[in-house]
Each structure stands twice: as structure tokens, then as C-alpha cells.
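Okay, structure first, notes after.
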Amino acid sequence: MGIVNVTPDSFSDGGRFLESSAAVAHGLKLAAEGADIIDVGGESTRPNARPVDEEEELRRVIPVIRELSEHAVISIDTMKAGVARAAIAAGASVINDVAANRFDREMARVVSESGAAYVLMHMQGSPQTMQKNPSYKDVVAEVHEFFDKGLSQLAAFGVTPEQVVLDVGIGFGKTLEHNLQLLRGVGGFTKWNRPLMLGVSRKSFIGTVTGETEAAERLPGSLACACWARLAGVQIFRVHDVAATRKALGMTEAIMARDNK
């Protein structure tokens, strides 16, 4: 899953693809590099990000989705049911909802009525509050509990398990140690028999470990996390650096295949 941020303030590439033409060009580049899905977002969810109203978010993402949907599978990265509904109408087929922690009945209806795939992601708090003082007794156990509750709530609205992808929400209301604990335990989430998605690309916790202050310099750490997670059973990787990640995962899968012979 390649990332297209149609925003002025995303942590890694904010502003580079705010214009529709630049966003479309970038999405086409990611698809050419091997992205199976293009994730289009019009509202930054970095810590302390400023909320965007629905009208502005739609203005940013809908033209991009319309053009890119002719060339790739499109995911809409949004917390708003109205944006999700319009994005599906424009050609998206996946809803990537980082606000799944705040269960939205209207979003569940959009997923149920459209038949779209839905990424159920864990976050403690909101983008404005999530990194102020994240706290858990057992982060891995609590994310399991979140998935259990979320899948049940979605089922009550007619969303089938086959529509749901699970994302543990690395960096969303977690400390460095919480992120590392989730990565160590990510294989355990295969028990839900749903595809697992991981979004760690260029995130700050990688910089904390590797000493890289610039987001664009965090590729080696991002690739290490992706390869580790692939070995543990993760199937979808939300990344900025598609070509490099595709190669690293290809090498990892070749080793895995050899081990299985």
C-alpha cells in the first residue's frame, strides 16, 4: 500500500502532493513501483495535527481518487463517514479508518452498504491527544480486546469478517516500548484469521532507535520492521518507499519459501 498524502502537514511529505496533479503523478509512480493499493488521504493524522473539515478533505481527495482509480486499487484514509461514502462513489474500494477506536455507526453503515474493505485500526485517543501520555497495562492484550469488540460491533451492522483488515496502530497512542512490544507480538494477531496491515514507514519511533531525525532517512529501520512483520504473518504494508519495500519483502519471502521446502 503506497501512501499519497494530499495534505500540507503530513509528518514525512506534507505539502509535496497537495496539488491534485502532483498527487496523481505520485500515485502513478507508486503503482509503477509495485504498490498493489494506493492510500489517498486528505487529513494529516500525525501527532497534534490540525483537524480538517469535511468539505476541504473532499476537495483534496476526490479528484485524485477519480483519476487514480482507473489505474490502481484505491484506499481512502479518512475518519469521516461522509468522505468515505464519497470516496467509494469516486472509485475507492478500501476504507482506512484510523478513528476506529471511536466507533462510528455511520461509518459502519457505509462499509456495510458499499461492501468495501475496512481497515480496523487501534488508536488510543485522537491525533490531537494520542501522544500526550499513552498508557496501557498490557498493550498487546488491550489491542486484542479492541479487535474483538470492533469485529463484533461491525458484524452487528452487517459487515462481514471478510471485509475487515486489522492494523495494530503503530505510533497511534503508543510509546517507543509499546510500539516495540506490538511488533514483537504482531504474529499473535494472526489468530483473528484476517489480513494484518502494518504502518510503520518513516515513523518517529524508528528515528528514536536509529538516531535519524529526518523522516526520509528512516528507510533502513522501516525495512527492518517490514521484514520482521512479514515473517510474523503481516500481509499488507503501508509505506512511502514502495520499490525498496517490495524488494526487501521479496527477499524475505524467498527465504521463507526456502524454509518451507
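Remarks
- Per the Cα gyration tensor, the stretch 118-237 maps to an equivalent ellipsoid with semi-axes of 25, 17, 12 Å, ordered largest to smallest.
- Taking label positions 7 Å along the Cα-Cβ direction at both Ala257 and Thr213, the computed distance is 4.3 nm, reported to one decimal.
- Rounded to the nearest 20, the size of the Cβ-charge dipole of the stretch 2-259 about its Cα centre is 440 debye, with Lys and Arg at +1 and Asp and Glu at -1.
- Here the Gaussian network model covers the chain, with springs between Cα atoms less than 10 Å apart; of Thr160, Thr45, Thr208, Thr208 fluctuates the most.
- Under a Gaussian network description of the chain, with springs only between Cα atoms under 10 Å, the residue in Thr213, Thr78, Thr175 that fluctuates furthest is Thr213.
- Considering only Ser135, Leu180, Leu196, and ranking their Cα positions along the charge dipole of the chain that arises from unit charges at the beta-carbon of Lys, Arg, Asp and Glu, the one farthest toward the positive end is Leu180.
- Taking the three principal axes of the alpha carbon atoms in the chain, the coordinate ranges are 45, 42, 39 Å, sorted in descending order.
- Extension gain (nm, one decimal) between Glu162 and Asp53, 0.36 nm per residue minus Cα-Cα: 36.1 nm
- Shape category assigned to the stretch 52-198 from the gyration tensor of Cα positions, a/c cut at 1.5: prolate
- Value of [θ]222 nm, deg cm²/dmol, for the chain, DSSP H segments ≥ 4, -39500 (n - 2.57) each, nearest 500: -14000 deg cm²/dmol
Each reported figure results from applying straightforward, stated rules to the coordinates on display, with no laboratory input. Everything quoted here is computed from the prediction, not taken from an experiment. Here Cβ is always computed from backbone atoms with ideal geometry, including for glycine, and neighbour counts include all displayed protein chains.
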